[in-house]
Amino acid sequence: MENILVVGASTRPVAAALNSAGFNVYSADYFGCEDLLPIVKEYRSILKYESHESTGFFSEKFTHNSLNKVAAEFVDDVDHIVCCSGADPSQFPKNKILGNQEINDVENKYKLYKTLKKRFEGLINIPSTFFVDKLEDANCIVQDNPEKKFLIKPLEGSGGVGITKFTPPLETIDNNGAILQEIVDGQNISTSVISSVDEARTILVNQQLIGNMGLGQLEKYGYCGNITPFTGLDQESIHNLKEISEEIILDLGLIGSNGLDMVLKDDGTPYIIEVNPRLQGSFEVAELSLGINMAQTHINACDGSLIENVKPRCFAIKQIVFAKERSLVGNMNHEGISDLPAKNVIIEKGEPVVTVVNSGMILENTMKTSHELVASVYQNLQPAPEKR
């Protein structure tokens, strides 16, 4: 039985799929959630739970270096490594990586924009995007384009963290620079693509849940989950979306499971926003909706074998629940609730608490159940006194 290390900010869903596929699984992540323990041989996490103590803030505690440090204990002893969001595959032995080994030119949002603009000019729609490292340049670009609204984004990163609407005059810019990206109004969607070196297959189109204050998400453009499959387009438009996604993934030379984030305008025009060169947040809903093991599907694609065309057999919904106030965690160990923190720890306002995932044959009923699960999470959170 082969040993696989999963590295990322959150590894539980991928670790569970690998465990189901028969691998010995090791995990290095940030959260170290309680339901990770039964499915891995060993794990190391950045976050340490202490009763009635705060878990702090992800933005302050998580760094690539800290993740690499906890992963280093396992690297020599495993056969393969799977990198999730937050992990940099270039920091690990190339011969052990299952997936894309070099992702900098894709994760760097401005490099990706230039690549897509050059190779797909006139074939796809991309929001106007500018690299800025000086305040005066950013303000000038906005002044020169009065008909457009802009977001300012970190050059790298995922999950919508750190993205804000540009409001002049801008006061600061990250030392590494940032991008100004034209705001495209519409529905947030994504595609899930499985690819080998010379073939790609889009297996799902998903709706993305972004900036949902009802889930306690404080980041206006922060990722909150998915609803799959997306039902807002006719079959011809879905087919076109899938073809575009496959062409881009192949052109970028990506293998395994990858994804594209898009905005779908009201007239049905898709705009490519980002490419995710790794297993995506839609991992769990893809498994539920399609009835497949996404980790095994990813590994097979890396070995050159693509899954056959599969159709969704049900709807699936994922919602990440964030603390709406500084909260003491109660009993969260219920069906449909995962990524469990330890009982009696304190979660700060705006930080993730758990993930709610469910499926069903009728979308409205599935959404109702999902909302009920979210409500049950908040019922098991108690206000925690503020620090003095």
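The values are calculated or read from the model by the stated rules, or taken from the named source; none is laboratory data. Fair warning: this is a prediction, and the values are worked out from it, not measured in the lab. Cβ sites come from the backbone with ideal geometry, for glycine too, and all protein chains shown count toward neighbours.
Output the number of residues of the stretch 83-102 satisfying the condition of being over 15 Å from the mean Cα position of the chain (by Cα) and among the hydrophobic types (A, V, I, L, M, F, W, C).
Residues flagged as over 15 Å from the mean Cα position of the chain (by Cα) and among the hydrophobic types (A, V, I, L, M, F, W, C) within the stretch 83-102 amount to 3.
List the residue pairs whose Cβ atoms are under 8 Å apart, where the first residue sits in the stretch 107-123 and is of a type in the set (D, E), the second is modelled with pLDDT of 95 or more and surrounded by 14 or more Cβ atoms within 10 Å (Cβ to Cβ), and the two are 6 or more positions apart or on different chains.
Final answer for the pair search is E107/P277.
Give the stretch 282-338 a look and list any residue that's closer than 22 Å to L218 by Cβ and of a type in the set (D, E, K, R), or say none.
Across the stretch 282-338, the qualifying residues are K318, K324, E325, R326.
Going by the conditions given, is K109 buried (at least 18 other Cβ atoms within 10 Å of the Cβ) and either touching a helix residue (DSSP H, G or I) at 6+ places or on another chain (Cβ under 6 Å) or among the charged types (D, E, K, R) (or both)?
So K109 passes the test.
Looking at (1) part of a loop (DSSP other than H, G, I, E, B); (2) of a type in the set (S, T, Y); (3) in contact (Cβ under 8 Å) with a residue 60 or more places away in the chain, find the lone condition where T191 falls short.
Unmet for T191, out of (1) part of a loop (DSSP other than H, G, I, E, B); (2) of a type in the set (S, T, Y); (3) in contact (Cβ under 8 Å) with a residue 60 or more places away in the chain: (1).
Please go through the stretch 24-43 and give me each residue that is outside any strand (DSSP E or B) and in contact (Cβ under 8 Å) with a residue 40 or more places away in the chain, ordered by number. Step through it out loud before you land on a result.
In the first step, residues of the stretch 24-43 are kept if they are outside any strand (DSSP E or B); the result is 30-41.
Scanning the stretch 24-43 gives Y30, F31, C33, E34, D35.
Residues checked against (1) in contact with a strand residue (DSSP E or B) (Cβ under 9 Å, 6 or more places away or on another chain); (2) part of a loop (DSSP other than H, G, I, E, B); (3) buried (at least 18 other Cβ atoms within 10 Å of the Cβ):
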| residue | (1), (2), (3) |
| --- | --- |
| H298 | yes, no, yes |
| A301 | yes, no, yes |
| N331 | no, yes, no |
| K343 | yes, yes, no |
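Could you look through the stretch 243-257, keep only residues that are in contact with a Phe, Trp or Tyr (Cβ under 9 Å, 6 or more places away or on another chain) and in a helix (DSSP H, G or I), and pick out the one that is surrounded by the most Cβ atoms within 10 Å (Cβ to Cβ)?
Out of the qualifying residues, it is I248.
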